[in-house]
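What follows draws every value from the coordinates through simple rules; no lab data is involved. It should be emphasised that the depicted structure is a prediction, and the values quoted were computed from it without experimental measurement. Here the Cβ positions follow ideal geometry from the backbone for every residue, glycine too, while neighbour counts run over all protein chains shown.
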Amino acid sequence: METLTLKARAGKDGVLRLEIPTNQADQELEIVLVMQRIINEPVDAMGYPLGYFDETYGSLADDPIERNQPSHPDVRDEIE
């Protein structure tokens, strides 16, 4: 099995044409193709898209997450 990583651009018609040379002439091959769009958005030092936190901060303000408190707190041994 051989793994290839290629970058290609689809044409204006939306068709991606691949020509892949192989060392396996006149043989049947099984091809597994995974397409993933390359996003060239600028990111901050931590790898988040610029403005990510400004856009998402407060997004749950109308539907906050509520945490139910336990009916009885954990009983723990005292520290000696």
**Q.** Calculated FRET value between residue 1 and residue 39, using beta carbons and R₀ = 35 Å, to 0.05
**A.** 0.75
**Q.** Binned Cα-Cα distance frequencies in the chain - 10 Å width, integer %
**A.** 10, 20, 18, 17, 16, 11, 7, 2
Q: Return the sequence-ordered ³J(HN,Hα) values of the range 3-9 in whole Hz as given by the Karplus equation 6.51 cos²θ - 1.76 cosθ + 1.60 applied to θ = phi - 60°, using x for Gly and Pro.
A: 10, 10, 10, 10, 10, 9, 10
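For the chain, with only Lys/Arg (+1) and Asp/Glu (-1) charged at the beta-carbon, what is the dipole magnitude about the Cα centre, in debye rounded to 20?
Details: 7 positive and 17 negative charges, 136 e Å.
Dipole size: approximately 660 debye.
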